[in-house]
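The values are calculated or read from the model by the stated rules, or taken from the named source; none is laboratory data. None of these values were measured; they are calculated from a predicted model. No Cβ is skipped: glycine too gets one built from the backbone with ideal geometry, and neighbour counts run over all protein chains shown. Note: areas computed on protein heavy atoms with side chains; ligands, DNA, RNA excluded. Shrake-Rupley method; radii C 1.70, N 1.55, O 1.52, S 1.80 Å.
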Amino acid sequence: MMNQDLVRLDRFDGTNFTRWQDKVRFLLTTLKIAYILESTLEPLPAPTDKDTDEVKAQRKKREDDNLLCRGHILNSLSDRLYDLYTDTKDAKEIWDHLENKFKAEEEGTKKFLISQYFDLKFLDGKSLLPQIHELQVIVNKLKVLKIELPEAFQVGAIVAKLPPSWKNYRKRILHKNEDYSLKEIQKHIRTEEESICRDKLVEGSNDETSKANATSKFPNN
């Protein structure tokens, strides 16, 4: 008997196909019926009156395994997709059609997300941490699609995407021999950003003081 938590899969609704496919394949492998989906599986010959008991048993097992495999695949689909494939009796035909359709869509999504990742630039006048978080959201979406970006690459991308006003900071970071983790670079940027804000406040306060002093020396007539 299968553990019910293992059998209870999230229903596939057309998103995150690769993740869904891996989970279903693992389940079917555990049930020892994943072979039904193999392209190398030899078809059984048509039944004849001369079939031996062994051949009949093989055919019966194949039919039962196909039925079970098909049922698990259909059971893990959303109602919309279930209704679309419920009349298809062959498990591999359902599997191949889903793969051909949603793999292509997922590949398009990968290209779009990769393009987004490279095109995103951090802007001046906005807090950097929310912008870094936006970049990490793209990274997480790519991870779901099995595109892993090394942490050192992500750190380098963050530094490269810093806005023009951070030019000197970028130079300081690039000339350091120290390697930063994602957590460390974000902490470092937060500290730098807070320091910049404090400096602006002090500068603004000094400007107001200078204006006040100038007014007191040269009062309006």
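Express in nm, to one decimal, how much length is gained between Asp199 and Ile114 on full extension, taking 0.36 nm for each residue of separation and deducting their alpha carbon distance. Mind dumping the intermediate values first?
Values: separation 85, 0.36 × 85 = 30.60 nm, distance 3.69 nm.
That works out to 26.9 nm of additional length.
Restrict the search to segment 104-153; then list the trypsin sites (Lys or Arg not before Pro) that DSSP places in a loop and that have at most 16 other Cβ atoms within 10 Å of their Cβ. For trypsin sites (Lys or Arg not before Pro) across segment 104-153 that sit outside H, G, I, E and B with at most 16 neighbouring Cβ atoms in 10 Å, the list reads Lys121, Lys126, Lys146.
Looking at segment 35-150, the accessible area is 65 square angstrom per residue; that uses a 1.4 Å probe and ignores ligands, DNA and RNA. Think of the chain as having a plus end and a minus end, set by charges on the Cβ of Lys, Arg, Asp and Glu; of Val24, Ile196, Ser181, Ile196 sits farthest toward the positive end of this dipole.
Check the straight Cα-Cα distances from Lys32 and name the lysines below 18 Å, setting aside those fewer than 8 residues away within the same chain. Excluding near neighbours in sequence, the set is Lys23, Lys60, Lys61, Lys92.
Excluding residues fewer than 8 places away in the same chain, name every one of the aspartates and glutamates whose C-alpha is closer than 13 Å to that of Lys89. Straight-distance partners of Lys89: Glu63, Asp64, Asp65. The charge dipole of segment 114-201, taken about the Cα centre with unit charges on the Cβ atoms of Lys, Arg (+1) and Asp, Glu (-1), comes to about 120 debye, rounded to the nearest 20. A Förster radius of 45 Å combined with the Cβ-Cβ distance from Glu134 to Leu67 puts the calculated FRET efficiency at roughly 0.45.
Which value at 222 nm does the chain reach when only helices count, each DSSP H run of 4 or more adding -39,500 (n - 2.57), with the total divided by all residues and rounded to the nearest 500 deg cm²/dmol? Before the final figure, lay out the partial values.
On the way: 9 runs with 148 residues, N = 221.
Taken over the chain, the calculation gives -22500 deg cm²/dmol.
Close amide H pairs (under 5 Å, H built 1.01 Å from N) link Phe12 with Leu77, Ser78, residues at least 5 positions away or on another chain. Return the subset of Lys121/Lys187; Lys126/Lys167; Lys161/Lys200; Lys141/Lys200; Lys143/Lys176 for which the Cα-Cα distance in this structure is over 26 Å, preserving the input order. Result: Lys141/Lys200; Lys143/Lys176 exceed 26 Å.
Couplings 3J(HN,Hα) for segment 90-95, derived from phi with the Karplus relation 6.51 cos²θ - 1.76 cosθ + 1.60 (θ = phi - 60°), are 8, 4, 5, 4, 5, 4 Hz, where x marks Gly and Pro. If you take every residue apart from Arg80 with its C-beta less than 12 Å away from the C-beta of Arg80, what net charge results, scoring Lys and Arg +1 and Asp and Glu -1? Residues close to Arg80 contribute a combined charge of -2.
Take the solvent-accessible surface of the protein heavy atoms, probe 1.4 Å, and return the percent of it on the chain that carbon and sulfur atoms account for. In the chain, the share of accessible area belonging to carbon and sulfur is 53 percent.
Given +1 at the Cβ of Lys and Arg, -1 at the Cβ of Asp and Glu and no other charges, the dipole of segment 57-171 around its Cα centre is 540 debye to the nearest 20. Over the chain, Cα pairs under 8 Å with separation of 6+ residues give a relative contact order of 18 percent. Between the listed residues Asn140, Ala104, Leu67, the Cα displaced farthest toward the positive end of the dipole of segment 50-203, a dipole computed from Cβ unit charges relative to the Cα centre, is found at Asn140.
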